[in-house]
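Report on one structure; see the data block that follows.
The values are calculated or read from the model by the stated rules, or taken from the named source; none is laboratory data. Values in this document were obtained by computation on a predicted structure and should not be read as measured data. So basically every Cβ, Gly included, is an ideal-geometry build from the backbone, and we count neighbours across all protein chains shown. Only protein heavy atoms, including side chains, enter the accessible area calculation; ligands, DNA and RNA are left aside. Shrake-Rupley method; radii C 1.70, N 1.55, O 1.52, S 1.80 Å.
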Amino acid sequence: MRVRQPFTYYAVLLALFLIPLVSYKMYIGPLPLSAEVVMIPLITLAALVDYRQRRIKLNDFPVRPILLAFIAFLLIAIVSLVKAASLAPAIMELARYLSYVVLFFIVVKVQFTREQYVRFAQSFGLSALLVGVYGVIQYIFDISLNTAGLYALKEAKGRVDSTLVNPNYYASFLNLVIPALLLFAVVYWRDKKAQLLTFAVYAIYVINLVLTYTRAAWVAMLGGLVLVILLMPKTFFKNVIRPHILVSFAVLLTIVYFMPDVQSRTYSAVYAMEKIISRHLHSDSTNHVDGNSSDEDGGFLDEEPDDEEATQDEETTNRAVVSRVTLWKTGWVMMKENPVIGVGIGNYLVRYKEYVTKYPELYIGHDQYSVHNSYLKVGAETGFLGLFAFVAIYVVYYVYLLRLYLASSDRLSKLIIVALIAGSATFMVQNLSNNLIFIPQLNTIFWLISGLAMAFVHQANARSSQTQA
């Protein structure tokens, strides 16, 4: 029987549904086996077979700039192996990096039909809805809630991570999707029922984000909202002032305001950020901090409630802020002492104990600890050259988005690019306080969605130009 659609189409469709939903991971010896580990090779194999059999065509998306950026970082990362104390994590890191690159180039270059893109959106949308609904159910029924950092919460039962393993990872996934949901609810749909249904999904995601209790993500969500408004000011405000939309926002804000720990945790987030800016970034790392800080925290810890508890909670916040800043300083010291090619890609944790032993003021009670900053991790492992090449990838990425935004004439294309700019910006910001770029499930979703969105808008713009001509 002849298959009606290319194998690549089915593989991408399946990946969009499974990767957000399936967090299960097992190991075959040293090799991890998870949804993304299975799906990326499957998509690659399907694309090779389809291309050879001429079942797919390639579009004219200009990939050369980002290809050069990817290659530049890859070469520097390979050179950094000279300094690697352990080759196993280095090879695994390189393999993951190459898998993201291959995935992105396949989905951005394959010429899918508009109907196929609609099916992609539906597949991912259904998966995202299930992830969000499960997050709410997880909290209501106390299903495997994450309790790391729970000492900082007075009322909450725990922190929601849904199918993304960790509340911080889940918060980043939510922020990646939230701008699109908001724009579809407010700007795209004209039908009142469709608007309210989409807004309901948006509300589920906002509630999930609150329940992760990742305050850096709360701040990032507000930043994403600001970007959406700045990029579509007239269109957004024209549509948001409709009575049913205003009432929906009022109800959602009321629910969020009275959710457990929201008020105190919001206040403490501002307090922690003030501490970082006013004191810790400009002081010597001379305080020996104990190991009570959590690796699962969202970047800025702990409450400052009222009256008699204020002093104790202020001390907890101070300790957590010092701990996070100390981790960042450890990455900075490692990068400064290995400025050219770093300590070897994937080798930050391998060298961590050496550095906290050499500099006792950097020790926070652990022999291995994440730097909690993707950019410092890259800099420490591949040096300043590697960091520059790595950042260049995302600079080129945003140049693509801005060009597509300026070239877009129809509402859907512009909406998709604005949503991607805002969602990806939250991802970049949250990487300042977590290593999200190095989380396979999350990073696969990022590059998969980015590639498909860019290709769709590029092809839509090309069709629009041909029509006008």
Compute the normalised compactness of region 134-241: alpha-carbon radius of gyration over 2.2 N^0.38 Å, N being the residue count.
1.17
Per the C-alpha gyration tensor (a ≥ b ≥ c, the square roots of its eigenvalues), region 11-58 is rounded if a/c is under 1.5, else prolate if a/b beats b/c, else oblate; here it's oblate
Under unit Cβ charges (Lys, Arg +1; Asp, Glu -1), what dipole magnitude, rounded to 20 debye, does the chain have relative to its Cα centre?
2820 debye
What number, in percent, do you get for the relative contact order of region 39-134 if the mean sequence gap of Cα pairs under 8 Å and at least 6 apart is divided by its residue count?
44 percent
Accessible-area order for Lys83, Lys193, Lys353, largest to smallest, probe 1.4 angstrom, reads Lys193, Lys353, Lys83
I'd like the Karplus ³J(HN,Hα) series for region 53-69: coefficients 6.51, -1.76, 1.60, θ = phi - 60°, whole numbers in Hz, and an x wherever there's a Gly or Pro.
8, 6, 8, 10, 10, 9, 7, 9, 4, x, 8, 4, x, 6, 4, 5, 5
Roll a 1.4 Å probe over the protein heavy atoms and report the accessible area of Trp447 in Å², nearest 10.
10 Å²
Can you sort Ile78, Ile229, Ile40 by solvent-accessible area, 1.4 Å probe, largest first?
Ile78, Ile229, Ile40
Per residue, how many Å² of accessible area does the chain show with a 1.4 Å probe?
45 Å²
Note, region 194-201: 3J(HN,Hα) by Karplus (6.51, -1.76, 1.60, θ = phi - 60°), whole Hz, Gly/Pro = x, goes 5, 4, 5, 5, 5, 5, 4, 5
What ranking, highest mean first, results for peptides 180-186, 86-92, 170-176 when packing means the other Cβ atoms within 10 Å averaged over each residue?
170-176, 180-186, 86-92
What chymotrypsin sites (Phe, Trp or Tyr not before Pro) in region 106-163 are in a loop by DSSP, with at most 16 other Cβ atoms within 10 Å of the Cβ?
Phe141
Relative contact order of the chain, pairs being alpha-carbon contacts under 8 Å that are 6 or more residues apart, as %
22 percent
Estimated Rh, the chain: Kirkwood, alpha-carbon pairs, angstrom:
23.4 Å
Can you give me the % of accessible surface on the chain that is carbon or sulfur? Probe 1.4 Å, all protein chains present, nothing else counted.
66 percent
Scalar couplings 3J(HN,Hα) for region 234-243 by Karplus 6.51 cos²θ - 1.76 cosθ + 1.60 (θ = phi - 60°), nearest whole Hz, x for Gly and Pro, are 5, 4, 5, 5, 4, 8, 6, 7, 5, x
Computed, not fitted: 222 nm per-residue ellipticity of the chain from DSSP H runs ≥ 4 (each -39500 (n - 2.57)), nearest 500, equal to -23000 deg cm²/dmol
